[in-house]
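Before any comments, here is the structure.
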Amino acid sequence: MAPRSDRDWFKSSRSSNNAACVEVRFVDGAVDVRDTKDRTGPILAFDGRSWTSFLTSLKDESAS
């Protein structure tokens, strides 16, 4: 697969100015996540189901 442009990434709405930011992009039914401070570093890739499960667990944790 050809490399994608940086414009495909967007910063999390939960990111703040404390340097704990992530960016995400949606690619062919999957979700990629990277550290905003290290854009050339590793990327976590989630399939759609795993991403939904991950977000649900974060919401559940924040409600506790």
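The values are calculated or read from the model by the stated rules, or taken from the named source; none is laboratory data. Because the structure is a prediction, the values reported are computed rather than measured. Positions of Cβ are backbone-derived with ideal geometry, glycine not excepted, and every protein chain shown enters the neighbour counts.
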- Do you know which residues across region 24-53 are at pLDDT 90 or above, under 16 Å from Phe10 (Cβ atoms) and charged (D, E, K, R)? Arg25, Asp32, Arg34
- For region 30-64, name all the residues that are assigned to a helix (DSSP H, G or I), of a type in the set (Val, Ile, Thr) and surrounded by fewer than 11 Cβ atoms within 10 Å (Cβ to Cβ). Thr56
- What pairs can you find where one residue is in region 28-47 and aromatic (Phe, Trp, Tyr), the other is surrounded by 13 or more Cβ atoms within 10 Å (Cβ to Cβ) and not in a strand (DSSP E or B), and their Cβ atoms are less than 9 Å apart, with a gap of 6+ or different chains? Phe46/Phe54
- Task: Considering every residue within region 4-19, establish whether at least one is of a type in the set (A, V, I, L, M, F, W, C), at pLDDT 85 or above and not in a helix (DSSP H, G or I).
- Result: yes
